[in-house]
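The values are calculated or read from the model by the stated rules, or taken from the named source; none is laboratory data. Just so we're clear, the structure is a prediction, and the values are computed from it rather than from any experiment. Glycine also receives a Cβ, built like all others from the backbone with ideal geometry; neighbour counts cover every protein chain displayed. Surface areas here come from the heavy atoms of the whole protein model, side chains and all, with no ligands, DNA or RNA. Shrake-Rupley method; radii C 1.70, N 1.55, O 1.52, S 1.80 Å.
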Amino acid sequence: MATNLQELQVAINGEKDDEEEQKFLEQPMSPSSQCFNTSILCYSILAFLEFESEIIDSKISQHLQKLLPILNPRFTSIVLQNDDGTQRWRKLNVDMVHLDEDHIKVAEFPKGLTPKDYDKHLEDYAFAIHKEGFPEGKPLWQVHLIKYPTSNAVSTLIFKLHHVLGDGYSLMGILLSCLQRVDDPSLPITFPTSTKLLKKNKRNCSQGFKFVSVCWNTVLDFGDSVIQSMLGEDDKTVIRSGKPGLESEPISISSISLSLQDISVVKSKVNGTVNDIVVGIIFYGIRLYMRKMGQESKDAKRVRAFVVVNTRMLAGYQSVEEMAKANTYGHRISCFPLRVPTSGNVEKMNPMDFVLKAKKTMRRKKHSLAVFLTGGLLHWMGKIKGAEGISSFIYKNSKKTSLGISNLVGPREKTAMAGHPVKGFYFAVMGTPRSLGIYIMSYMDKLRLVVTAEKEFIDSELLVSCMKEAFQNIYEASSWDDKDREVFLQKP
């Protein structure tokens, strides 16, 4: 993706800049950012906005052309490669008309099809634009307008973003700055209080938790992460083919919407968090799918999730200016493996057992500083081994696991972009070396669970139905008495 400076001199402003302006135009890129733009890793993030109305091209184009270059200098910058192989940012003097032509695309599908047919076209289109990559010498983002009705929306907008631009939190903060509240555009968008979780945990660790307990959990979790990274791959199962080069293989993209109110009911029953419930749903759904595909738990004991988390200490999404002041702009990520619990006959188990196991595991993770140590390890690895070293570490550990999990918190209020009300909002990371990825995002009173699955290997329709079944069973089980539980466990 990097290109030689000499080839772009005509397009670049400031060939004769003084030293101060040259410093402004060119900025170094951290190893943690460079690692997403190497020969090993090249991820792109697709963010989907589902509109309630038809897209008016001119309104969307004018709105984004006006905001994006102001919100983030990376949206008018390219990546250049130094003689030593390291990368840097170079800001361009981009003509807004060219921005429209180069970065805002309108999809062309056959006309007169059903919404379900357009669902398939949207899925294929999303994978196709990921495979295309980004043109040389251009800023690493695109907007694609899909002016056809799907099962979930009248029209859809896709932000295609290279992961080198930032992590999920920083990029989501920028995208959300392009939206306004429908009820009162003058008011700021707000987020659920769970966005303060990491900050709260850090404060609690320093003020409330027992020092010995935190240290013990940290040693256990960090040691486990190191050991897991040194061990072999997960078992080959119906959710992990182990096929080489999966980052380039076609995938399906499907999703379900869950009620946050219903999740809150379960959450109150176990005195847990939304994350506890969601992880329980995912693990229960996976085991249901494996059972329906004829694979018993005893035949797939080593099944792990590669969980990516953000280590920012900010209370919710911030503007780019606030992020810069807090010195947290860019990539602030860490990761850890999470074992999918084994089970006997999953269809006869108490569904709440998966939630309680998830709560126990996630509680220990929250009462541990291992995730920050892992983030620090990646940081120092970048300083010692460079971007390729971090890329190799992430790739190898990601490839060994069965699935990836990542989540973002979205707005509580209904939003709109340039007068287009947003009905749904979700994202997916493309180019990962796994057969299965699960991405979670909240918006208004719904939680969207997105499944990316290796085509012709994973039955995504069945897997999504198993996730629905898992959620329904867990919700119903949360209100069981002893008699109800006994009836369920004894069913044929």
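Cβ-Cβ distance of Glu54 and Ser186, R₀ of 30 Å, FRET efficiency by 1/(1 + (r/R0)^6): the value works out to about 0.70.
Under the rule a/c < 1.5 gives rounded, and otherwise a/b versus b/c splits prolate from oblate, where does region 120-170 land using the Cα gyration tensor?
Numbers: a/c = 2.37, a/b = 1.71, b/c = 1.39.
Prolate shape, in that a/c is at least 1.5 and a/b is the bigger ratio.
Database remark: amide H of Phe51 closer than 5 angstrom to the amide H of Val154, Ser155, Thr156, Leu157, Lys423 (H placed geometrically; neighbours at sequence offset of 5 or more, or on other chains; Pro and chain starts carry no H).
If you build the convex hull over the alpha carbons only and average its shadow over all orientations, what do you get for region 349-471? Give it in nm² to one decimal. Before the final figure, lay out each step's value.
Values: hull surface 44.7 nm².
Value for region 349-471: 11.2 nm².
When each of the peptides 248-261, 166-179 is scored by how many other beta carbons lie within 10 Å of its residues on average, the order from highest to lowest is 166-179, 248-261.
For Ile256 and Ser151 in one chain, what is 0.36 nm times their gap in residues minus the Cα-Cα distance, to one decimal in nm? Spell out each step's value before the answer.
Numbers: separation 105, 0.36 × 105 = 37.80 nm, distance 1.18 nm.
Roughly 36.6 nm would be gained on extension.
Could the peptides 401-409, 277-285, 346-354 be put in order, highest first, of the mean number of other beta-carbon atoms found within 10 Å of their residues?
Values: 401-409: 23.3, 277-285: 27.1, 346-354: 19.9.
For the peptides 401-409, 277-285, 346-354, the packing ranking is 277-285, 401-409, 346-354.
Accessible area of Thr150 (1.4 Å probe, protein heavy atoms only, ligands and nucleic acids ignored): about 10 Å².
Highest mean first, what order results for 115-123, 335-343 on Cβ atoms within 10 Å?
Working: 115-123: 16.6, 335-343: 20.0.
Final packing ranking: 335-343, 115-123.
Split the accessible area of region 44-128 by element, probe 1.4 Å, and carbon with sulfur accounts for 52%.
Can you give the Kirkwood hydrodynamic radius of region 256-300 from its Cα pairs, in Å with one decimal? Provide the component values of the computation, followed by the final result.
Values: mean 1/r = 0.0850 Å⁻¹.
Mean inverse Cα-Cα distance, inverted, gives 11.8 Å.
Residue pairs exceeding 28 angstrom between C-alpha atoms, taken from Lys298/Lys357; Lys131/Lys243; Lys236/Lys446; Lys91/Lys120; Lys138/Lys396: Lys236/Lys446; Lys91/Lys120; Lys138/Lys396.
With a 1.4 Å probe and all protein chains left in place, how much accessible area per residue does region 52-151 have, in Å²?
50
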